[in-house]
Amino acid sequence: MSEFFFRYIINNILQYGFLVLLLAASLSLYFVPTIRKLALARNLTDAPSARKSHTKAVPVLGGVAVYLAASFAMLIVIYIFPSKIQTSNFFLLGVGSMVLLFVGVLDDIVGLKPLHKLIFQLAVSFLLIHNAPFYINDMQGLFGFSDISYAPSLLLSVFVYVVFVNMLNLIDGIDGLASGISVVAFSFFGYVAYLNGSYFNMLVSMAGVGCLIPFMYYNMFSGRKIFLGDNGSLVMGVILGFLCLDYIATDYVSDQLIFGGNKIIVLMAVFSYPLVDTLRVFVVRILRKSSPFSADRNHIHHHLLRLGLSHRKATLVVIVYTFFITSISLLTSGFNINVAFVLLLLVSVLIICLPSFLIKNEDGTISLRKKA
């Protein structure tokens, strides 16, 4: 019976993926409350302040909990099905994510200068890109670029990886937002892995989904709240960046059939909220002659809170938007890639930026903000 079960799992990538998800979720149910207790005992918490939404200290080692859950789940599955895994990629991703987990923990506990964090991020990005290897050497005609030579390809790949490592951290301002977007993204990469028969990417993607779902319960619904922290957002960023570059750099027949020549556009749609919102905030800060990395409450999710939405509802709005814009991007698979990009950019900017132009009146109605 056991031999039949293992043979059935190993020959069915979908069952394999759900096995990983179940293991990661089960382990996360143990590690999240355990790490929360440890963080409280050691006073490793995020204190409330004028620019933060919470009113009492909250443990910040959620990233450690989900990392342990995902790691142990993957190790168990690798032990059971060793022939299905690329050991070199698992080792690379394990080292890279562990380094940035450590950096994130230090940043949450003692605080690190942005330059110091950037140095570690650049080193990890180069390590993974060079040794995997995967480079963005074909833009599929986007902006008029197709084949890209080695040096520009390396620089572009490192830049994209560093953006992915940081973007979740930059928008992690309300309950469930960074983890919710990560679940959507991991689900997308799990779907792509299923289409392409990639057991390794399925392993990573479904472990990501599994470990985050219990965390989201504690973060959004439980009285025993815990935050992802910089340690969590950096780890999610490095893993999603790995899957992203692998997706761009590897040509699969199924990708061409489903996404046409616009798979880069579909990827941009999945991550359009953090990309567009971060770019918008940076532009506004620069126009106000302040540092683009200075903290404020000008993100779109902050505007959604001002309009009267709760953390849960604001997060749900962003996730629904992500599904909507991704669906639109799939409909453009037959379009010229530059036409599809302009169309998706206009739609995403219009929808994402809309809450910043709205205001909640005293009578509870919503209207356009008047010019000062």
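The values are calculated or read from the model by the stated rules, or taken from the named source; none is laboratory data. All values derive from a computational prediction rather than experimental measurement. Here the Cβ positions follow ideal geometry from the backbone for every residue, glycine too, while neighbour counts run over all protein chains shown.
Of note:
- For Ala57, the requirement of being touching a Pro at 6+ places or on another chain (Cβ under 9 Å), under 30 Å from Arg297 (Cβ atoms) and modelled with pLDDT under 95 is met.
- Restricting the stretch 278-316 to residues that are touching a Lys or Arg at 6+ places or on another chain (Cβ under 6 Å) and within 20 Å of Ile351 (Cβ to Cβ), the residue that is surrounded by the fewest Cβ atoms within 10 Å (Cβ to Cβ) is Gly308.
- From the options Ile265, Ile258, Ile239, residue that is crowded, with 21+ Cβ neighbours inside 10 Å and more than 30 Å from Asp46 (Cβ to Cβ): Ile265
- Within the stretch 11-43, the set of residues being surrounded by fewer than 20 Cβ atoms within 10 Å (Cβ to Cβ), of a type outside the set (Gly, Ala, Ser) and more than 30 Å from Ile85 (Cα to Cα) comprises Pro33, Lys37, Leu38, Leu40, Arg42, Asn43.
- The stretch 89-116 residues that are surrounded by fewer than 21 Cβ atoms within 10 Å (Cβ to Cβ), paired with ones that are not in a helix (DSSP H, G or I) (beta carbon under 7 Å, 6 or more apart): Asn89/Ala132; Leu92/Ala132; Leu106/Leu112; Ile109/Leu44; Pro114/Phe293
- Single residue of Lys56, Lys84 found to be of a type in the set (Lys, Arg) and loosely packed, with under 15 Cβ neighbours inside 10 Å: Lys56
- Residue that is nearest to the chain's Cα centre (by Cα) [pool: residues in the stretch 250-271 that are in a loop (DSSP other than H, G, I, E, B) and in contact (Cβ under 8 Å) with a residue 40 or more places away in the chain]: Phe271
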